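Since the structure comes first, as structure tokens, the remarks are kept for the end.
The values are calculated or read from the model by the stated rules, or taken from the named source; none is laboratory data. These numbers come from a predicted model, not from an experiment. Cβ: placed from backbone, ideal geometry, glycine included. Neighbour counts: every protein chain shown.
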Amino acid sequence: MKVVCFSEIQFRYVRTRKQQILSRFPKDWDILFLSSVVAGKRNNFLPEREGRIVHLCVPVFKNFPQKSVRFIFSLPPVRFLWNILLFLWLKVVLLSTGFHGRETVFYVSNIYYSAILKLLPRKLMLYDCNDDPMEFPDVQKWAGRYFRSLAFSADLVVAVSRGLKKKLEDMGVEKVYRIANGVDYHLFSRSAAAGIPEEMKQFKRPVIGYAGAIARWFDTGLLDRLAEELPDVSIVLMGPLFESRRGDIERITGARNNLFYIGSKPYRQLGAYLAALDVCLIPLVMNDLMKYADPNKLYEYAAVGKPIVSMRFSEEMDRYGDFIYLSRTEDQFVDNVRTALSIGADTGRLRDFARKSSWQARADRMAELIMEHYREEE
């Protein structure tokens, strides 16, 4: 089977749901991963291979932070011409890589392809909805047509959370399956057992921290307050730092001598960095985007058995309330960190949860659904 992933992120970005699931599909499935183009990043327009996944960049547009560019793409003729370019580009890519034909499966997470996907031959199209695309900053109203078009034209729709599943069903999408995020439990547990990285030994204990993307959904105000109220605790941040939060993080780390940003860490070593923390944090803002989230870091933190303190940014989080520290307010978040440092967590319960949430199980379920619907199309 040949699978083409139409992604909204780059393949070389932090390992997200798509890379995790695709890399665990049956070994006889060939996979092409189409990355988006990102300004200032290395964009490989020629195919490259990592394992059995071939990946390259395609000039698909997304929601733009620049007002001038947003205005240009708000004009229907511009989008029409751009989609013609994108269609021709994709035809060349699919033909040259051998992923063109009516037996191909499309795995789509980027709504901005939806205007041209119906023009490309395929056997089956899966929409993996892992966020509400209409709640991202700077998204344009016209994008809603792309979202609805993709959701209703897909042969198979998967949602990452119960909230997203309900949203899609309320829109009128008839059958939506839920497949949550997960973790490579064995990789993280092995990494955690390797010992504390030298880089982490420099910080005064106790050490608490966050591992993940530091973007607009990261609550820098809460982080600043935490650093102020817990001056004897080292707070370590790791992960990609988005420009939208760079100024805030540089300002806070400059003002607080107990707050440190140490950049992104290799995925295979991340378990060791998490195991060096006394408490793991999920300080995400509570907004309409986050209310549908199912953060990977929850599963990764659990895999190393460390106490987890999180904001209750969605109803989905209530399912974990008996083994993580859920916070409805900033005051409660700070108090929960203190309690977690004092009491700790049920390590066995956390690891059992992570063990049962493996990426392999998620990939197996996704592959099973693809095969079921693939046979129905015959």
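Can you tell me which residue within region 66-98, out of those that are in a loop (DSSP other than H, G, I, E, B) and without any contact (Cβ under 8 Å) to a residue 12 or more places away in the chain, is nearest to Leu156 (Cα to Cα)? Among those that are in a loop (DSSP other than H, G, I, E, B) and without any contact (Cβ under 8 Å) to a residue 12 or more places away in the chain, it is Leu75. Listed by position, the helices (runs of 4 or more DSSP H) inside region 99-194 whose residues that are not assigned by TED's automatic domain parsing to the domain that holds Asn83 number at least 1 are 185-192. None of Ile308, Ile324 is in contact (Cβ under 8 Å) with a residue 12 or more places away in the chain, crowded, with 20+ Cβ neighbours inside 10 Å, out of contact with any helix residue (DSSP H, G or I) (no Cβ under 6 Å at 6 or more places or on another chain) and hydrophobic (A, V, I, L, M, F, W, C) except Ile324.
Residues that are in contact with a Leu (Cβ under 8 Å, 6 or more places away or on another chain) and in a loop (DSSP other than H, G, I, E, B) within region 308-334 comprise Arg312, Phe313, Phe323, Ile324, listed in sequence order. The condition (being assigned by TED's automatic domain parsing to the domain that holds Leu223, closer than 21 Å to Gly321 by Cβ and surrounded by 16 or more Cβ atoms within 10 Å (Cβ to Cβ)) is satisfied by just one residue among Ala293, Ala272, Ala276: Ala293.
Picking from residues in region 323-373 that are closer than 17 Å to Ile282 by Cβ and of a type in the set (S, T, N, Q), the one that is nearest to the chain's Cα centre (by Cα) is Ser357.
Only a single criterion out of (1) more than 21 Å from the chain's Cα centre (by Cα); (2) part of a helix (DSSP H, G or I); (3) under 18 Å from Val105 (Cα atoms) is not satisfied by Lys27, namely (2). Could we say that Glu316 is assigned by TED's automatic domain parsing to the domain that holds Ile196, surrounded by fewer than 22 Cβ atoms within 10 Å (Cβ to Cβ) and in contact (Cβ under 8 Å) with a residue 40 or more places away in the chain here? Yes, satisfied.
A quick yes/no check of all residues on (1) of a type in the set (A, V, I, L, M); (2) more than 27 Å from Pro307 (Cβ to Cβ); (3) at pLDDT below 95:
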| site | (1), (2), (3) |
| --- | --- |
| Gly172 | no, yes, no |
| Asp184 | no, no, no |
| Phe188 | no, no, no |
| Ala194 | yes, no, yes |
| Tyr210 | no, no, no |
| Ala215 | yes, no, yes |
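Selection of region 84-141 for residues being more than 18 Å from the chain's Cα centre (by Cα), buried (at least 19 other Cβ atoms within 10 Å of the Cβ) and of a type in the set (Ser, Thr, Tyr) yields Thr104, Tyr113, Ser114. Restricting the first member to region 27-42 and to residues that are farther than 14 Å from Trp89 by Cβ, and the second to residues that are part of a strand (DSSP E or B) and not small (Gly, Ala, Ser), the beta-carbon pairs closer than 6 Å and six or more apart or on different chains are Trp29/Val3; Asp30/Lys2; Ile31/Val3; Ile31/Ile53; Phe33/Cys5; Phe33/Ile53; Phe33/His55. Restricting attention to region 156-198 and to residues that are crowded, with 18+ Cβ neighbours inside 10 Å and among the charged types (D, E, K, R), the residue that is nearest to Tyr374 (Cα to Cα) turns out to be Lys165. Taken as a whole, the structure places Val337 among residues that are of a type in the set (A, V, I, L, M), farther than 25 Å from Thr16 by Cβ and not in a loop (DSSP other than H, G, I, E, B). Of all the criteria given as (1) at negative phi; (2) at pLDDT below 95, the one not satisfied by Ile21 is (2). Scanning region 352-366 for residues that are assigned to a helix (DSSP H, G or I) and buried (at least 18 other Cβ atoms within 10 Å of the Cβ) yields a count of 6. With the structure loaded, tell me whether Ser244 is surrounded by fewer than 20 Cβ atoms within 10 Å (Cβ to Cβ), among the polar types (S, T, N, Q) and in contact (Cβ under 8 Å) with a residue 40 or more places away in the chain or whether it fails that test. For Ser244, the condition - surrounded by fewer than 20 Cβ atoms within 10 Å (Cβ to Cβ), among the polar types (S, T, N, Q) and in contact (Cβ under 8 Å) with a residue 40 or more places away in the chain - is met. Scoring Glu376 on the criteria (1) touching a helix residue (DSSP H, G or I) at 6+ places or on another chain (Cβ under 9 Å); (2) modelled with pLDDT under 95 leaves a single failure, condition (1).
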